[in-house]
Structures are given as structure tokens and as C-alpha cells.
Amino acid sequence: MKNKLWQGRFDTPLSADADAFNQSLTFDRKLFDVDLDASVAHATMLGACGILTKEESERICEGLNEIRADVAAGMPITGAEDIHSFVEGELVDRIGDVGKKLHTARSRNDQVATDMRLYVRKSTTAAINALKELVEVLLLRAKDGVRYLMPGFTHLRKAQPINCAQYFNAYSEMFLRDIDRFAACKEHLNVMPLGSAALAGTSYPINREMTRELLGFDAVSENALDAVSDRDFVAEYLFCASLTMAHLSRLCEDTILYTSEEFGYWNIPDEYSTGSSIMPQKKNPDLPELVRGKTGRVYGALMSILTVIKGLPLAYNKDLQEDKEVFFDTETTLLSSIGIYTALMRKITLNVNAMYDAACEGFSTATDVADYLAKHGVPFRDAHAVTGKLVRYCISAGRKLTDLTLEEFRAASPVFEANILDAVKVRVSVESRGSVGGSSEEAVCKGIASIKRRLIRK
Ligand code: ARG
């Protein structure tokens, strides 16, 4: 075990159980690379400002790079309180007393706040890239869905027929918004706390602009008290992740329904399906169910960080160490969920006939009948009532709107002409919805083109 960075003030070492409870190395080792990046930048700046000599600064940077190489080659990260103590302890073991100068003009408080920002920054990029890939697959699905129809639902009851592409485009819209949210989160977090020291700034003549530049931050933080205790960016990332999971979870629910025997709209291939240990006939949608279930875990992480932040007195408090496990767990959960769904959406097959037949059921063109009357001068509310009666007539006679004769339509209202027989067909209904964002082939093709355009710009 490496010495504690703070042992000097204490008579006896920390007891083993307290040490185990207090430590964060078992999880903050994930910050290893960014911690080194920040330390190299800090040491470089100390050298450039004359706070350390050029030689000292160079020796420290060399030592840090050696540690990086050794860990990359398999050296374990163990035996210290946290990743910062690990790196500093290793450095001193390797280069001796000069290593002890690395922590000049800095504190673990600004160090960990900087590390987390660097790490979350990378993670937002990973989320954005994963979401882009998912939208690309949804675009493929939409492209081959353009020729097909399916029922559109409200209240999970058949509402109006829609073009399949419109369905997939709807999810692309959600994920494009998620991409924008992660991009905004990345922009908000790109402010550097390093140089805040423990809480009050530092008396050394440091150059924060230089470290900012070296670490690729857009700005330096403007209040040290705030900077060391701010984890808003973690909460923001967890919110972005929560909303993405909410969208995925809606897609999961659709997948589970649409692949059921009762719906039969989609098939999940065997390599992405699971079976039952007792019921030999079962083909289960475990993957969408798991993603749906993991959504709760990500929401839990968001609640956790909000609660950690709540009521914290200024400035740093050890509570903030609790930002890490929930963040790392969410990162893994989010990326694996997007990843598995991207694979799944690539693999599902559409039962286009079943979807078409279902779209023809349930009087799904009743709105078109009401619209027909309204377009011929009947006030919409009256048109709605006449159509409602026609639907009732169909239900009692066991007929569909598409089976009715012109005479039957005219018995309901003399306004109907022969072209009503065409207007109730699902294809005609869908094609008539040419408003921007609508379900006609032209509208969904424009939707696809627009999604592609926006995706390229992200
Ligand atoms: N492991 C700590 C954390 O994650 C590092 C900062 C420790 N700072 C302190 N004042 N004890 O927050």
C-alpha cells in the first residue's frame, strides 16, 4: 500500500476497514488516462511558469509517461487510496523527491473535478457516435419500409394506417434530439477547474490559460469554490442518458409487442432471441426486455447524483466521490444498450403482409370518411357523428368500411359520391397525408432526406 498523501498529520495509519470504505481506486482507476493527461499539462505549466525548473517539469512528465506505458503493458493499478494517490506514489517511487513536486499549486479537489470533466467529455463523444450509428440503421429500415404500410396506434388501439418509414423516422427524430443533448452537455462541461486548488485558488503564479489550451478546454472556471464542488455536468450527462434510455425503452416495448404472436409484425432472428428452460416452444425477447429494464437503473443513477448534490455545503465534500460509480455504470449501460439495439434493428425482418392486413383492420380509415364529408361542406363534428354511426353499422353487420357499397354510404349521408369507395382504402388514406411530417410516401422520403442531412451535420 502506498503512503497516504495526507499521513503527516496523523499518528497512526487509517484502520483497514476505514481504508476499504474510504478508497475509490477500485472504481476511479478508470480515470487513469485522463488523470495522467491533466498531470502532464499541470507539470508542463509549472515548468513554463518557473514554479518548477524545466528539468524538474520534464522529469515529472517523463515519469508520468513511463507509468502510462507500464499500465498499458499490464501493470496493475492497486495499493492506493485513489487514482491520484496511485499516480503520485508511482511517480515518487520512480523518480524520487522531484516527483513530490507535482502536487504544487493543485489539490485533489481540482484534480478530480478536472479528471471527471475530461472523462465525461470523452463519454459524450462515445454516446454521440453510438447514437449516430443507431440512426444510420434506422434510416436503412426506413428506406426499405417506404413501400409498406402498417397500423399506426394511439392508446395502443389502431388509429390510422401509416407508412412504415414514418415509424422508423419517428425514432430517428428522438435519437437526433438525444445527440443534440449530449453535444450541449459536452459544450457545457468543457470548462476547466484545474488551478482552483483546494477551494480558494492558489498563491503560485500559475498560468491557467496554458493548461486550458493543453487540455482542450474552451474556458477556465471563474470561481474556485464552485469549480471544485460542481458536478452539474455529471447530472446533465445522466439526464441525457436517462432520456436516451427512455426512447430506447419505448422502442423495446414496440419490439416486444410487434414480435409477439398476437401482432406478428416483426421477427427477431434466432441469434438475437432466447428460449425458455421449461417451455420448449418459447422464443423470448430478452434483449429488448433487458434494455427496458436497464432504463430504471439509469434513472436511479440520475436520482442518485441529484441527491448527492442536494444540500452540500460549499465547497468540496467527500460525498462527491459518489459521482463515479453511478456515472461509470451508466456509461457502460448506455453504450451497451445502444449497441445491442443497433445490432437488433439491423437484424429484424418485417412481415409486410401481416402489417398491411392489420392496417386494413379496425376501421382505420374512419377519419378519412369524416374528412371526406367535411371537405364536401359537412361541419367536421357532424361528419364525425355520421361516420361513427357507419362504424357502428359495420360492427353490427360484420363489415369493413372498404366492403360497404355506395348505397350503404349514401344511406348514412347523401353527400357521399362514388369516390368515397376509393377514399376508404388504406393506401389512398396514407398517400393523402402529404403534410410536412405526414405519412405519404413523398412526405416520409422528405423525412428520410432531412434526417440524413441533420445526421451528417452532427
Ligand atoms: N477520491 C476523491 C473523489 O473522488 C478524490 C478527491 C479527494 N479530495 C479530498 N479532499 N479528500 O472525490
Quick check, is Leu102 surrounded by fewer than 19 Cβ atoms within 10 Å (Cβ to Cβ), closer than 30 Å to Phe233 by Cα, more than 36 Å from the chain's Cα centre (by Cα) and within 16 Å of the ligand (Cβ to nearest atom)?
no
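Listed residues Glu331, Glu361; which is acidic (Asp, Glu) and under 23 Å from Leu257 (Cβ atoms)? Spell out the reasoning first.
On the way: Glu331 fails: under 23 Å from Leu257 (Cβ atoms).
The match here is Glu361.
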Considering the range 86-99, residues that are open to solvent by 10 Å² or more (accessible area, probe 1.4 Å), over 37 Å from the mean Cα position of the chain (by Cα) and of a type outside the set (A, V, I, L, M, F, W, C), and then whichever is nearest to the ligand (Cβ to nearest atom), we arrive at Asp93
Filtered residues of the range 199-215 (kept if open to solvent by 40 Å² or more (accessible area, probe 1.4 Å) and either under 26 Å from the mean Cα position of the chain (by Cα) or within 16 Å of the ligand (Cβ to nearest atom) (or both)):
Leu199, Ala200, Thr202
Given the conditions (1) in a helix (DSSP H, G or I); (2) polar (S, T, N, Q); (3) open to solvent by 70 Å² or more (accessible area, probe 1.4 Å), and given that Ser172 satisfies all but one, which numbered condition is not satisfied?
(3)
In the set Ser172, Ser196, which member is within 16 Å of the ligand (Cβ to nearest atom) and among the polar types (S, T, N, Q)?
Ser196
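Consider the range 62-85. How many of its residues are within 16 Å of the ligand (Cβ to nearest atom) and touching a helix residue (DSSP H, G or I) at 6+ places or on another chain (Cβ under 6 Å)? Working first, answer last.
Our first condition is that a residue be within 16 Å of the ligand (Cβ to nearest atom); within the range 62-85, this holds for 77-85.
So of that shortlist, the ones also touching a helix residue (DSSP H, G or I) at 6+ places or on another chain (Cβ under 6 Å) come out as 77, 80, 82-84.
Adding up the residues that qualify gives 5.
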Residue in the range 205-215 that is free of Cβ contacts under 8 Å to residues at least 60 places away in the same chain and in a loop (DSSP other than H, G, I, E, B) present
no
Of everything in the range 313-338 that's assigned to a loop (DSSP other than H, G, I, E, B) and hydrophobic (A, V, I, L, M, F, W, C), which residue is farthest from the ligand (Cβ to nearest atom)?
Leu314
Condition first: within 16 Å of the ligand (Cβ to nearest atom) and either part of a loop (DSSP other than H, G, I, E, B) or at positive phi (or both). Can you find one or more residues in the range 298-312 that meet it?
yes
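Yes or no, residue by residue, for (1) free of Cβ contacts under 8 Å to residues at least 40 places away in the same chain; (2) surrounded by fewer than 14 Cβ atoms within 10 Å (Cβ to Cβ); (3) over 13 Å from Leu102 (Cα atoms):
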site	(1), (2), (3)
Lys2	no, no, yes
Leu14	yes, no, yes
Ser39	no, no, no
Ile51	no, no, no
Glu55	yes, yes, no
Glu58	yes, no, no
Cys61	yes, no, no
Ala72	yes, yes, yes
Only one of (1) within 15 Å of the ligand (Cβ to nearest atom); (2) farther than 20 Å from Gln321 by Cβ is not met by Ser24, so which one is it?
(2)
Scan the range 2-21 residue by residue and report those that are more than 20 Å from Ile83 (Cα to Cα) and assigned to a helix (DSSP H, G or I).
Arg9
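The values are calculated or read from the model by the stated rules, or taken from the named source; none is laboratory data. Not measured: the values here are computed from a predicted model. So basically every Cβ, Gly included, is an ideal-geometry build from the backbone, and we count neighbours across all protein chains shown. Ligands, DNA and RNA are excluded from the accessible area calculation, which covers all protein heavy atoms including side chains. Shrake-Rupley method; radii C 1.70, N 1.55, O 1.52, S 1.80 Å.
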